[in-house]
1. Ile28 is checked against (1) surrounded by 14 or more Cβ atoms within 10 Å (Cβ to Cβ); (2) outside any loop (DSSP other than H, G, I, E, B); (3) among the aliphatic types (A, V, I, L, M) and fails just one. What number does that condition carry?
2. Between a residue in the stretch 107-136 that is outside any loop (DSSP other than H, G, I, E, B) and any residue that is open to solvent by 70 Å² or more (accessible area, probe 1.4 Å), which pairs come within a Cβ distance under 6 Å, given they are 6 or more apart or on different chains?
3. Quick check, is Leu59 under 26 Å from Leu132 (Cα atoms), of a type outside the set (Ser, Thr, Tyr) and modelled with pLDDT of 95 or more?
4. Anything in the stretch 77-118 that is within 18 Å of His66 (Cα to Cα), in contact with a helix residue (DSSP H, G or I) (Cβ under 7 Å, 6 or more places away or on another chain) and of a type in the set (S, T, N, Q)? List them, or say none.
5. Do you know which residues across the stretch 71-96 are part of a loop (DSSP other than H, G, I, E, B), open to solvent by 50 Å² or more (accessible area, probe 1.4 Å) and not polar (S, T, N, Q)?
6. Here are some residues: Ala38, Ala12. Which one is modelled with pLDDT of 95 or more, over 17 Å from Phe109 (Cβ atoms) and either surrounded by 10 or more Cβ atoms within 10 Å (Cβ to Cβ) or aliphatic (A, V, I, L, M) (or both)?
7. Inspect the stretch 6-23 for any residue being over 30 Å from Thr87 (Cβ atoms), in a helix (DSSP H, G or I), free of Cβ contacts under 8 Å to residues at least 12 places away in the same chain and not small (Gly, Ala, Ser) and give the result as yes or no.
8. Which residue, of Glu68, Glu50, is more than 22 Å from Ile136 (Cα to Cα), loosely packed, with under 15 Cβ neighbours inside 10 Å, of a type in the set (Asp, Glu) and modelled with pLDDT of 95 or more?
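The values are calculated or read from the model by the stated rules, or taken from the named source; none is laboratory data. Treat the numbers as computed from the prediction; the structure is a model and nothing was measured. Positions of Cβ are generated from backbone atoms using ideal geometry, with glycine treated the same way; all protein chains shown enter the neighbour counts. Side chains included, ligands, DNA and RNA excluded: accessible areas come from the protein's heavy atoms. Shrake-Rupley method; radii C 1.70, N 1.55, O 1.52, S 1.80 Å.
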Amino acid sequence: MTPELTVLTLAALLQGFQFVIMAVPANIELGPGKTTSARDPQRLGKPIVEQVSPKVGRLIRAMDNHFEALILFTIAVLVISLGDRNTGLSAACAWTYLAARVLYVPAYFFGWAPWRSLIWLVGFLSTMLMLLSSLIS
């Protein structure tokens, strides 16, 4: 397996981990009546993220943000892998993306400003560099 595919696998496992560390406290705070329901707006009154404590809300938003980032990163890994464009640069970018995403969780949870945004930017730029490198390598 290429380094980029290994990192993609680890990033998916990170997403699963983020789901667990968000879901457990959210279920404790909201109870199964809300978390196992269809979450219809008229039943909930307001979005789940607005009904939990600020820290659990941050975990929800960090998880959602990783879903968004993971889409672009997956595209980058597929382009690199299927296009046979694997290089040391693409591997380094993949590992940098993963490190940024791991750091992003505590940065968001603890409200590290402006570091959270800078950490996010490192992951985003790593993904963009992977895509650009696939076009020129």
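1. Evaluating Ile28 over (1) surrounded by 14 or more Cβ atoms within 10 Å (Cβ to Cβ); (2) outside any loop (DSSP other than H, G, I, E, B); (3) among the aliphatic types (A, V, I, L, M) leaves (1) as the failure.
2. Ala107/Trp115; Ala107/Arg116; Tyr108/Arg116; Ile119/Leu103; Ser133/Leu89; Ser134/Arg85
3. So Leu59 fails the test.
4. Thr96
5. Correct list: Asp84, Arg85.
6. Ala12
7. yes
8. Residue meeting the stated conditions: Glu68.
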